[in-house]
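A short write-up of the structure that comes next.
The values are calculated or read from the model by the stated rules, or taken from the named source; none is laboratory data. Computed from a predicted model, the values in this text were never measured in an experiment. Here Cβ is always computed from backbone atoms with ideal geometry, including for glycine, and neighbour counts include all displayed protein chains. When the accessible area is computed, the model is the full protein with side chains, heavy atoms only, and any ligands, DNA or RNA have been set aside. Shrake-Rupley method; radii C 1.70, N 1.55, O 1.52, S 1.80 Å.
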Amino acid sequence: VPGRLKLTGLKLTKKASTVLLLGAGRMGLALLKGWLAGKVSPIVIVEPNPSPELLRVARARRIPLHDSLGAVDPAGVAIVVIAIKPQILKSEAASLQPFARAGALLLSIAAGTSIRSLTQACGRTARIVRAMPNLPGAIGQGISALYAPKKIAAAERARAEVLLTALGETVWVAREELIDAVTAVSGSGPAYFFLLAEALAAAGRREGLPKALADRLARATLAGAGALTRADVRDPAELRRDVTSPGGTTAAALAEFMKDDAFAELVARAVAAARRRSEELRG
Ligand SMILES: NC(=O)c1ccc[n+]([C@@H]2O[C@H](COP(=O)([O-])OP(=O)(O)OC[C@H]3O[C@@H](n4cnc5c(N)ncnc54)[C@H](OP(=O)(O)O)[C@@H]3O)[C@@H](O)[C@H]2O)c1
């Protein structure tokens, strides 16, 4: 994957070296698996409701698993990776204060939670990096956008970025507000493609295909097109032109999609709505 950093061999060698994972649900577990594959250590997990899979992994790899932050000594913690739901983070943020005060970097992947609101809860000296991953991160094929305020040192940015490569690719944005636009494009984006697959399957049924067959064709086409865009570095527009012979079937369909720019306009309106909603949610 272009631009992907290597996790392998990462050791946080400073005195405080522990990576504390707060919340090991879908995203947290994916992070954990990537870290273990990349030999990130030591790791401590705080998760009050561990899944059977988490219990298995933690036991096999001898990773301490606690049900609350209070059980962890902040002194050894170099970085806290916050992977709990935003609404839970609201009530939990004050418990992060001792970790921030002891010098840990906080890396939050919680949607809609601004650095300002986290700073209010964790204290003015807290050092916070924010990231917006997306759902394919759960299988290591996502993309996360990161933002760090100026006061975060280059080495800490790098440390945050390396930990996030467990979910896939990483990119940086220069201003925190851009996280709202990122949320609207890549954060919510997987659902747009799922919707397109649903619509394609429904259209296939209208053309006489049995439901199971239409569903399978649509799903495999989405997956195949996704894999191709990953394997082939050319622009999607170029990939599209490549499969569109003049006067052919694809051209006939694309003429409908592209009439009066209707499809592009619809996508732009949808993305703007998501960006506005992201702004509203963070208040
Ligand atoms: N999934 C995505 O596509 C996506 C995309 C972008 C950003 N994010 C962000 O990533 C974060 C995690 O999402 P997710 O999909 O992994 O959610 P999730 O599957 O619900 O995982 C969150 C985990 O944290 C646990 N938890 C609850 N309270 C806790 C506490 N006080 N201390 C420690 N752990 C606690 C939850 O346990 P219970 O099950 O008992 O509540 C759950 O296992 C969220 O903030 C979300 O906004 C997710």
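Points to keep in mind about this one:
- P(r) histogram, all alpha-carbon pairs of the range 226-283 included - 10 Å bins from 0, percent: 19, 31, 32, 14, 3, 0
- Protein heavy-atom accessible surface, 1.4 Å probe, per residue over the chain: 56 Å².
- Max mean-square fluctuation residue, GNM over the chain, Cα-Cα springs under 10 Å, options 245, 186, 51: 245
- The angle separating the long axis of helix 262-282 from the principal Cα axis of greatest extent in the chain is about 20 degrees.
- With all protein chains modelled, accessible area of residue 114 [1.4 Å, Å²]: 20 Å²
- Rg in Å to one decimal, and Dmax rounded to a whole Å, for the chain via C-alpha atoms: 21.4, 68
- Taking all Cα pairs closer than 8 Å and separated by 6 or more residues, the relative contact order of the chain comes to 15 percent.
- Protein heavy-atom surface of the range 11-118, 1.4 angstrom probe: 54% of the accessible area is carbon and sulfur, with nucleic acids and ligands not counted.
- Helix-only mean residue ellipticity at 222 nm for the chain, each DSSP H run of n ≥ 4 adding -39500 (n - 2.57), per residue, nearest 500: -14500 deg cm²/dmol
- The range 11-158 - charge dipole about Cα centre, Lys and Arg +1 at Cβ, Asp and Glu -1, debye rounded to 20: 440 debye
- The charge dipole of the range 226-268, taken about its Cα centre with unit charges on the Cβ of Lys, Arg, Asp and Glu (plus for the first two, minus for the last two), comes to roughly 180 debye.
- Relative contact order of the range 148-243, taken over Cα pairs closer than 8 Å and 6 or more residues apart, is 15 percent.
- Most fluctuating residue given options 130, 241, 175, as computed from a GNM of the chain linking Cα atoms under 10 Å: 241
- Crossing angle, helix 189-206 versus the chain [Cα axis fit, 0-90 degrees, rounded to tens]: 30 degrees
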